[in-house]
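Student: Sending over a structure as structure tokens; questions will come in a sec.
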Amino acid sequence: MKKYTLLFFTFISIISYAQKSNPNYDEDLAKELKADKYGMKSYFFVILKTGSNQSTDSSLIAEKFKGHMANIDRLVEEKKLVVAGPMGKNEKKYRGIFIFQDIETKEELEKILQTDPAVEAKLLDFEIYNWYGSAALPLYLETSDKIWKENP
């Protein structure tokens, strides 16, 4: 009986190991994306929220948010920003999110965020969080650029 029990647990261990290893694993792609052994990596997650500048000057607001959109495009081209988008109305006055990659420190990211005209004008403020997600996240950018019809 002990022999069969040992054989059973050995078999279960082999099956369990086989299920944990990925037959589709691409080592070169994982290295290119800076993935850890789980296919994940660290990012900075930023919540944009309403800033302290409560100006009603529509030309100022339009100018700063036009610059905000141009800054997003620049950060995407530099491969620093991998996700950006607005949030719906909410009681916390959250306005949007950013997910940044390959930024070493929170201080470095704060400097980058200050290059945004809407942040610089205090129309937007931000909160920064560490986030651990799929290293493949940046790959969606190529596809997303093929599916929009009009630029907001």
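No value in this document is a laboratory result; all are computed from the given coordinates. This is a predicted model, so every value here is computed, not measured. All Cβ positions, even for glycine, are placed from backbone atoms using ideal geometry, and neighbour counts span all protein chains on display.
Student: I'd like to check something: does region 60-73 contain any residue that is more than 29 Å from Y25 (Cβ to Cβ), surrounded by 14 or more Cβ atoms within 10 Å (Cβ to Cβ) and either without any contact (Cβ under 8 Å) to a residue 24 or more places away in the chain or within 15 Å of the chain's Cα centre (by Cα) (or both)?
Tutor: yes
Student: Separate question: Restricting the search to region 25-59, which residues are of a type in the set (F, W, Y) and over 19 Å from the mean Cα position of the chain (by Cα)?
Tutor: Y25
Student: Can you name the residue in region 109-152 that is of a type in the set (D, E) and farther than 23 Å from A35 by Cβ and is also surrounded by the fewest Cβ atoms within 10 Å (Cβ to Cβ) among such residues?
Tutor: The selected residue is E150.
Student: Sticking with this structure for a sec: Just to be sure before I move on: is K106 touching a residue at least 60 places away in the same chain (Cβ under 8 Å) and loosely packed, with under 14 Cβ neighbours inside 10 Å in the structure I sent?
Tutor: yes
Student: When region 80-104 is examined, which residues are found to be over 10 Å from the mean Cα position of the chain (by Cα) and over 21 Å from A35 (Cβ atoms)?
Tutor: Within region 80-104, G85, P86, M87, G88, K89, N90, E91, K92, K93, Y94, R95, G96 meet the criteria.
Student: Okay, moving on. Could you tell me whether G88 is in contact with an Asp or Glu (Cβ under 8 Å, 6 or more places away or on another chain) and farther than 11 Å from F44 by Cα?
Tutor: no
Student: Write out, first by first residue and then by second, each pair whose Cβ atoms fall under 8 Å of each other, whose residues are 6+ apart or on separate chains, and whose first residue, in region 29-48, is within 19 Å of K106 (Cβ to Cβ) while the second is exposed (fewer than 13 other Cβ atoms within 10 Å of the Cβ) and of a type in the set (F, W, Y).
Tutor: K41/Y132; S42/Y132; Y43/Y132; F44/Y129; F45/Y129; V46/Y129; I47/Y129
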